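Read the figures in this text as sums done on the coordinates, not as results from a lab. Remember, it's a predicted structure, so these values are computed and weren't measured experimentally. A quick note on method: Cβ atoms are made from the backbone with ideal geometry, for glycine too, and the neighbour counts reach across all protein chains shown.
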Amino acid sequence: MQLVLVGVSHKSGSLDLRESLGGVSAEDALRRLKDAGWSECVVLATCNRFEVYAATSNSGDVDALATHLQAWSNGRLEQGLYSRRDGEAVSHLFAVAAGLDSLVVGEAEILGQVKQAYQAASAAGLTGKLTNVLFQRALHVGKLVRSDTGVSSGQLSVASVAVTLAERIFGDLHKSSVLILGAGTMAELTARHLLSAKVSRLHIANRTWEKARTLASALEAEPVRWEDFPRLLESVDIVIGSTGASEPVLTKAMVEEAIKVRQGRSLFIIDIAMPRDAESSIDEFEHAYLYSLEDLEGLVRENLSMRRKEIEAAETLVGAKSAEFAAWLQEAAAGRQAALRHSADAAPRS
Amino acid sequence: MMELNLFRLAAVFYTAGTAFAFVYLYAREDKWSRWMRWCLYAGAAAHVASFGFRLQAFWAIPENRFFLPINSFFGALSFLALATAVVFVIVEGRHQLGILGAFVLPWALAASWGAVWRASQMGNTEIHGLVPALQSYWINIHPAVLMVSYCIFGNAFGVGLALLIQERQVKSKRPSELCYRLPAIEDLDSLNYRLIAFGFPILTVGIIMGGIWAYGAWGRFWGWDAKETWALITALVYAAYLHMRIVAGWRGRKAVYMSMFGFTCVVFTFIGVNFLSELHGYLSNR
Amino acid sequence: MAQSLRIFRSVKFNVGLVLAIVAASAIGTFLPQLSETPEKVDLFLHGNPFWGKIFQALGFFDIYHTKWFMGMLGLIAFDIVVCKLWKLPPDNGLTALPPEFDPKAIEAKLDTMEAAIRQKGMVAEFSCRAAPAEAMSAVKRMIVGSGYHLEPVVGDAEERSALVATRHRVQRWGSYVAHVALVVILAGGLIKAAFGFVEMVPVLEGRSRELQNKRGWEVFVDKFTVKYYDGTRNPKLFSSQIRVTENGKQLAEKLITVNDPLDVSGTRFYQASWGAGGMFREVILEVGEGKFLPIPQRKPTLIPGTPIKVTADVMMPNFTLTPDGRADTASLDLKNPAVRFRFDVGGKLTRSLWLLQFNPTVAFSETQDGVLVHAPDPPMKLADVEPILFSGIQVAYDPGYPLVAAGSIAWLLGTVLLFYMHRRRLWVLINPAEGGSRVLIGAWSSRGDVGFKKEFGAYVDRLKAGIGPAGSSSGPGAAFAGNLEAQS
């Protein structure tokens, strides 16, 4: 029994995968492969990759698979198709599951997608001993890499970085209230992130009352008249500045007034407007934390570079696990039963 | 001498535990936290064993039966070290805050190595016959109650320190990884408050016990002796903190400074007073 | 409350006052105090004439008894009464109604309550198939068994009703009782300052002394005993057999020891300390090998076989040298007894020699102007000293103590209630809904939300299990057993 892999990804060529293989979903592909006589295969289809992993005893099957993919793409997949066998296929899958082959290194979604692909193949009756062990092992390695290295830590979007910071200030956000100044996609995105962190109340203030009302109803929030927002500074915990104003709308004087009443409670101001919505001098107040768009973007860049640094450690781990699995594969191919331990792996750290 | 050797062993374990606490602060794995706790357990075990030998020697003197051997600097420091470790393990267990070990355990360390230093200075572990005034069941209660409260305040001080660091981190716009390991600012603030609120009644009850004992031994409940006065000062400062927080709603830096000032009063009450007090100079080598 | 009292009710002012008391108390521990060490006060005044005068004028040498210090304590007591005690703990029950609502309009009340509940930090809401009345009685049953006190249901149970329940209501008294306790303790202290006294009465063994604070009272010390720990000069026990008389008539007698005083109708006699004042019955001088000569104090005694008369006149119980080389005692306990012997022949002083009981190889010659010089190889040894000890009896009368003791107990009770008891409140509002009812629950805890969240979640789950969609059958025993508390 051999393991073969044929596929295409964002790394192997500048293709619009959606266009070339867009009509073919993973379920379609599985059905077609089954009809074509394949007994053990798994299809992993995401926006950035389309891969088929299969177990076969016929070495010529790699080309057969490649032909299938070409056919499905109506011939538009000229370059970019790659293939792997055995040990290389294993390490590729492990790397993919660990997020090392993704556009955003260490991203979490791919692990779920790998799981889905495996479950779909299993439901279609297209898994066997090799693929079962392989994919379960891949999911395990994916989790291991994420927990033992920093490759997936650190938020990579301005909105999620802001929420993480808010959690560093307030802890559990369920008692925090938020005031949004302005409207716009960034504000809404950040608000949605905060909502998913279960903040208790959301207020929306906009110079235009209608706009405030609209956004408020979309987010199940409370609209606030523009003149009234300074008073709210006395009680809210988080302020998101996202108006299109050319001058700061949140002045030091306003915050100073509010601080007299706030008695030292923390105030987190997320200023994602360009130009700034909040006067930078607000940062001088002891319990006011003012983060501008630049600051947040800086943190995102830092997180990204930190993830990159962790790639080496992740790659080492993946390499070790693949070698382990490849050895087992050899034993199995030779017909010898061997045990493959699944639990209590100690991560080799460099 | 069995007692001192076992005590030194305990001190070594506490040191190791504190070292692991610092590693845990910066590293990722939970295993450092486990190592820290195991060292603390081992240290406490050695400590208790050492205490057993101390009791044996102490009670060999008939007048000392059956009182606690804390009528000396060594005895008091030893008790304090053990209590700090125990209180920390309890607080850490309830709030899953092993991460604060680096802020709290140094006190246990200071107390235990302070005791070791004292023993080397005096040439022994200071096992003396109790002076007549101390031959009372109160010696088993009053100092212990007060010292437990000191440990709780020590934990609160560590939390306050972590809070100041965390505030600085978030304020800096470039929070380091430490920021994500420490608890949130508001959580630390709330924990600081709750620890002090828990320890405050214990402190005041300890002071009152001292007064009742003094009334029975010397005829007056309160004499403004340096130790009494400084214990009262400590209680007043913490009472001020509690009022500012509960009634006036203070949060953050100002409140933390007040609570830390309270802890400096604790330290002064425990150590500094020995150089001032006429009556409580039992802990100096009189 | 009058406007003029506003400053006294300000927390900031009182915190400032407390810190001022802290500062003053601290000063009293750094500067010597007249009531404890008057000689050190003198030393300070001599050594620091400039600051000494200022401190003296401010009363810093007796700071705890100055009018202004006691005034600050009195002010704190006053402020506590005016801030806290003049009003009984407010009941933070149902949200106060806005003025325009008619308190009799139940609907309005329920509306306000619903809005208020939704603003709480801990809220849960769910639907169930039970009819409102059934749901309400299920809720009541569940809550009642868990130590909650129920207030009367508001509204019509058939339609829309609300329930407020509190656990450990007594906690709200904690702060009040604690503050009352403080005032009581301060009052006790005031009474002691006004009517009580403390007097240190050193009485030589076999003698007596009259009290200054109680006219006609006299204390006799018939026997004084001190015992030491083996091989040391540390006392392990000292006691006095005393008698107290008033105008010659015996009032009481007792063997007092440390921690065990004599109480004569409120005035108590404590064995506080003891010492040697320098008097002794006799000393034993070893004048030669195996030759011991007992010498009573100040009685010139002839050394047998010589023309020399020796007089033992001064004893220092804890011998030490002053910086300018004179004899002195470091304390009044017998740590290092030394006696001065004056030798004279034919009425003329030949030698003045200090001998130490526990250091026979060390001796000092005293010159005419009182300076001591080492005398090597002393020819004699001070074998023994029989000092006349005095018993340090502390006489104290504290009529305020019962108040202080009562206040202390109240303080303990108050702080335990305030800090250790967990007062919890549940608001349950049941609205009729399609197919059953809608249950809204809000909660509040005196310990803050963090500690209560898990418990609240458990309550809600149990309630849901009890009256939720699945278990809507009628009758008490259905679908749930036990109370809200998962464990005790």
P(r) of segment A:2-148 over all Cα-Cα pairs, binned every 10 Å from zero, in whole percent: 12, 46, 36, 6, 0
Projected onto the charge dipole of segment A:2-148 (+1 at Lys/Arg Cβ, -1 at Asp/Glu Cβ, origin at the Cα centre), which of A:123, A:87, A:67 gives the Cα projection farthest towards the positive end? A:123
Dipole of segment C:313-355 (Lys/Arg Cβ +1, Asp/Glu Cβ -1, origin at the Cα centre): which of C:353, C:325, C:339 lies farthest to the positive side? C:353
Over segment C:281-385, what portion of Cα pair distances is larger than 17 Å, expressed as a whole percent? 50 percent
Rounded to the nearest 20 debye, dipole of segment C:281-385 from Cβ charges on Lys, Arg, Asp, Glu: 320 debye
Out of B:64, B:163, B:114, whose Cα points farthest toward the positive end of the dipole of chain B (charges: +1 Lys, Arg; -1 Asp, Glu; placed on Cβ)? B:163
Relative packing of peptides C:342-348, C:180-186 - highest average C-beta neighbours within 10 Å first: C:180-186, C:342-348
What is the Cα centroid distance between segment A:125-156 and segment A:44-106, reported in whole angstrom? 17 Å
How far, in degrees from 0 to 90, does helix B:101-122 lean away from the longest principal axis of the Cα atoms of chain B, to the nearest 10? 30 degrees
Using a 10 Å cut-off around each Cβ, can you sort A:53, B:137, A:291, C:270 from fewest to most neighbouring Cβ atoms? B:137, A:291, C:270, A:53
Using only the alpha-carbon atoms of segment A:89-220 as identical scatterers, what base-10 log of I(q)/I(0) does the Debye formula give at q = 0.09, 0.19, 0.21 Å⁻¹? -0.44, -0.98, -1.10
Helix axis angle, A:293-333 relative to chain A longest principal axis, alpha carbon, degrees: 20 degrees
Cβ-defined net charge surrounding residue C:110, 12 Å radius [Lys, Arg +1; Asp, Glu -1]: -3
The size of the Cβ-based charge dipole (Lys, Arg +1; Asp, Glu -1) of chain C about the Cα centre, to the nearest 20 debye, is 320 debye
Could you please rank C:200, C:136, placing first whichever residue has the fewest other Cβ atoms within 10 Å of its Cβ? C:200, C:136
Quick one: compute a quarter of the convex hull surface over the Cα atoms of segment C:208-285 and quote it in nm². 6.8 nm²
Just the Cα atoms of segment A:279-328, one point each, no solvent: what log10 I(q)/I(0) does Debye give at q = 0.23 Å⁻¹? -0.85
Computed on Cα atoms, the radius of gyration and Dmax of segment A:90-140 in angstrom are 11.0, 32
Can you pull the mean other chain C-beta count within 10 Å for peptide B:94-105? 0
Could you give me the radius of gyration and the Dmax of chain A, taking only the C-alpha atoms into account and expressing both in angstrom? 25.9, 79
Two-decimal ratio, segment C:208-352, of alpha-carbon radius of gyration to 2.2 N^0.38 Å: 1.37
Between 0 and 90°, nearest 10: helix C:449-467 axis offset from chain C longest Cα axis: 40 degrees
Can you tell me the dipole magnitude for segment A:158-299 around its Cα centre, using point charges on the Cβ only (Lys, Arg +1; Asp, Glu -1), in Debye to the nearest 20? 480 debye
Compute the Kirkwood hydrodynamic radius of segment B:156-219, taking the inverse of the mean of 1/r over all pairs of distinct Cα atoms, and give it in Å to one decimal. 14.0 Å
Can you tally the net charge around residue C:83? Count Lys and Arg as +1, Asp and Glu as -1, for every other residue whose Cβ sits under 13 Å from the Cβ of residue C:83. +4
Note: the protein assembly as shown, point scatterers on Cα, Debye, no solvent; log10 I/I(0) at q = 0.05, 0.07, 0.10 Å⁻¹ equals -0.54, -0.90, -1.41
Length-normalised contact order of chain C in % [C-alpha pairs under 8 Å, at least 6 apart]: 20 percent
For chain B, Rg(Cα) over 2.2 N^0.38 Å is 1.04
Just the C-alpha atoms of chain C: what Rg/Rh do they give, with Rh taken as the Kirkwood radius? 1.26
With the alpha-carbon atoms as the only input, what is the per residue convex hull volume for segment C:3-85 in Å³? 96 Å³
What is the ratio of the Cα radius of gyration of segment B:1-121 to 2.2 N^0.38 Å, with N the residue count, to two decimals? 1.11
Once you list every other residue whose beta carbon is under 15 Å from the beta carbon of residue C:209, what net charge do they have if Lys and Arg are +1 and Asp and Glu are -1? -2
Taking each residue of C:32-39 in turn, how many C-beta atoms of other protein chains fall within 10 Å of its C-beta, and what is the average? 2
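Sort C:83, A:47, A:41 so the one with the fewest other Cβ atoms within 10 Å of its own Cβ comes first.
A:47, C:83, A:41
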Considering every residue in B:208-219, what mean count of other chain Cβ atoms within 10 Å of its Cβ is obtained? 6
For segment A:158-299, what does the equivalent ellipsoid look like in terms of its semi-axes, each the square root of 5 times an eigenvalue of the Cα gyration tensor, given largest first in whole Å? 19, 17, 16
